[in-house]
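The values are calculated or read from the model by the stated rules, or taken from the named source; none is laboratory data. Only a predicted model underlies this, so the values are computations on that prediction, with no experimental measurement involved. Don't worry about glycine lacking a Cβ; one is built from the backbone with ideal geometry, like all the others, and counts go over all protein chains shown.
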């Protein structure tokens with residue numbers, strides 16, 4: 001489960017920092033020995049080393065956190081709670097400390113205390129998107145996708161530049177009857193976090209959605225997670241309307257992108273559909289529903305880089321077709337990359353979007 005794996009993200013850099021090797025004849029420093037044991041997966045032995053260090057400095061937050069993490073990794077959540085709480089009492093608790101304590105409470109069967117700890121963390125660090133990530137995961141593991149995604153969207157609003165909440169929201173919406181938001185959040189995520197395994201994964205996921213849209217006009221509304229439609233959403237309705245019109249007008253016909261061997265070049269097809277979508281959006285909805293992503297698309301369109309950007313976006317999903325296009329358009333793609341590196345999509349507290357902004361009043 002992700003929460004158990006979360007420990008890897010909670011490790012503070014100041015605990016496992018590189019240290020000079022000691023001479024073989026010198027006694028091992030407890031903290032260095034603890035670090036070594038943690039790396040080897042000997043968590044309870046590492047805990048003993050942290051205890052030794054704590055005897056010399058009972059209020060050292062670094063040592064207390066290390067001990068709490070050792071117990072957390074050993075799945076002794078009661079002990080992890082005990083020493084993570086001492087971290088908070090010692091003062092200057094980090095974001096990682098609150099996360100460690102919260103997840104320890106949750107895994108110890110104390111859901112309310114886990115959530116309360118994250119809320120306390122938000123009081124101290126109100127712009128920390130990490131807390132919203134954890135709240136959402138805690139709810140998702142309790143089979144509450146609606147509550148989970150609301151936490152992640154709150155995280156997007158609180159920390160628009162923080163990638164993780166976009167990533168997890170995308171994963172939920174991919175499975176849902178509201179795939180529009182997987183497309184929008186997923187692409188925003190890829191602009192914030194470029195060139196990682198996660199962005200490659202999202203590239204493939206979004207490409208799969210576009211293939212579904214080309215083949216089925218109702219694909220965006222089909223999913224195993226059925227979110228109730230409490231309030232109509234203007235953005236969602238507008239996207240559905242454009243895709244429906246593209247189907248009606250024959251713009252989703254695979255014959256638009258046929259290879260010499262008769263197969264459909266789906267990457268080219270998706271590129272054409274995205275351009276047609278944007279042109280319609282600019283004519284009909286751009287002035288009605290401000291959106292950071294579509295504004296960036298317009299900037300790309302005006303620079304004549306939308307096609308190259310789309311090929312970049314799905315280079316991990318349709319690798320062969322991407323490389324063939326790139327080989328035949330080297331100058332165009334190189335110019336785009338030069339521009340792209342210095343013209344990132346702006347995502348900050350003044351430039352972001354969340355689904356709730358477009359709910360009908």
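Identify, by number, the condition in (1) in contact (Cβ under 8 Å) with a residue 24 or more places away in the chain; (2) farther than 23 Å from residue 306 by Cβ that residue 229 doesn't meet.
Of the numbered conditions (1) in contact (Cβ under 8 Å) with a residue 24 or more places away in the chain; (2) farther than 23 Å from residue 306 by Cβ, the odd one out for residue 229 is (1).
Is it true that residue 85 is surrounded by 17 or more Cβ atoms within 10 Å (Cβ to Cβ) and in contact (Cβ under 8 Å) with a residue 40 or more places away in the chain?
Considered against the rule, which asks whether it is surrounded by 17 or more Cβ atoms within 10 Å (Cβ to Cβ) and in contact (Cβ under 8 Å) with a residue 40 or more places away in the chain, residue 85 comes out as no.
In the range 251-267, which residues are out of contact with any helix residue (DSSP H, G or I) (no Cβ under 9 Å at 6 or more places or on another chain) and assigned to a helix (DSSP H, G or I)?
255
List every residue pair whose Cβ atoms sit under 6 Å apart, with the two residues 6 or more apart in sequence or on different chains, where the first one lies in the range 232-244 and is at pLDDT 95 or above and the second, anywhere, is assigned to a helix (DSSP H, G or I).
233/358; 234/358; 235/358; 236/180; 239/180; 242/277; 242/280; 243/213
Kindly evaluate residue 179 against the criterion of being closer than 27 Å to residue 219 by Cα, in the same structural domain as residue 102 (by TED's automatic domain parsing), crowded, with 21+ Cβ neighbours inside 10 Å and modelled with pLDDT of 95 or more.
Yes.
Being part of a helix (DSSP H, G or I) and either surrounded by fewer than 17 Cβ atoms within 10 Å (Cβ to Cβ) or at pLDDT below 95 (or both) is the filter here; which residues of the range 220-231 pass it? Spell out the reasoning first.
Applying the first criterion (part of a helix (DSSP H, G or I)) to the range 220-231 yields 220-221.
Correct list: 221 only.
For the condition loosely packed, with under 13 Cβ neighbours inside 10 Å and without any contact (Cβ under 8 Å) to a residue 60 or more places away in the chain, what is the one hit in 323, 281, 312? Let's see the steps before the verdict.
Values: 281 fails: loosely packed, with under 13 Cβ neighbours inside 10 Å; 312 fails: loosely packed, with under 13 Cβ neighbours inside 10 Å.
Exactly one residue qualifies, and that residue is 323.
Criterion first (free of Cβ contacts under 8 Å to residues at least 12 places away in the same chain and in the same structural domain as residue 148 (by TED's automatic domain parsing)) does residue 198 satisfy it?
Taking the combined requirement at face value, the residue does not satisfy it.
Would you mention how many residues in the range 155-179 are in contact (Cβ under 8 Å) with a residue 40 or more places away in the chain and under 22 Å from residue 346 (Cβ atoms)?
4
Going by what's in this entry, would residue 187 be described as part of a helix (DSSP H, G or I), in contact (Cβ under 8 Å) with a residue 24 or more places away in the chain and more than 30 Å from residue 216 (Cα to Cα)? Steps first, please.
Working: part of a helix (DSSP H, G or I): yes; in contact (Cβ under 8 Å) with a residue 24 or more places away in the chain: yes; more than 30 Å from residue 216 (Cα to Cα): no.
No, not satisfied.
Matching residues to (1) over 16 Å from residue 182 (Cβ atoms); (2) buried (at least 20 other Cβ atoms within 10 Å of the Cβ):
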| residue | (1), (2) |
| --- | --- |
| 118 | yes, yes |
| 123 | yes, no |
| 140 | no, yes |
| 144 | yes, no |
| 156 | no, yes |
| 160 | yes, yes |
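Quick one: would you say residue 91 is within 28 Å of residue 57 (Cα to Cα), in contact with a helix residue (DSSP H, G or I) (Cβ under 8 Å, 6 or more places away or on another chain) and surrounded by fewer than 23 Cβ atoms within 10 Å (Cβ to Cβ)? Spell out the reasoning first.
Numbers: within 28 Å of residue 57 (Cα to Cα): yes; in contact with a helix residue (DSSP H, G or I) (Cβ under 8 Å, 6 or more places away or on another chain): yes; surrounded by fewer than 23 Cβ atoms within 10 Å (Cβ to Cβ): yes.
So residue 91 passes the test.
Under the condition of being part of a loop (DSSP other than H, G, I, E, B) and without any contact (Cβ under 8 Å) to a residue 12 or more places away in the chain, which residue from the range 42-59 is nearest to residue 91 (Cα to Cα)?
Residues of the range 42-59 part of a loop (DSSP other than H, G, I, E, B): 42, 57-59.
Filter again for without any contact (Cβ under 8 Å) to a residue 12 or more places away in the chain, leaving 42, 57-58.
Numbers: 42: 28, 57: 14, 58: 13 Å.
Among those that are part of a loop (DSSP other than H, G, I, E, B) and without any contact (Cβ under 8 Å) to a residue 12 or more places away in the chain, it is 58.
Pairs, please: C-beta under 6 Å, at least 6 apart or cross-chain, first residue surrounded by 15 or more Cβ atoms within 10 Å (Cβ to Cβ) and in the range 337-354, second part of a loop (DSSP other than H, G, I, E, B)?
347/160; 347/161; 352/160; 353/291
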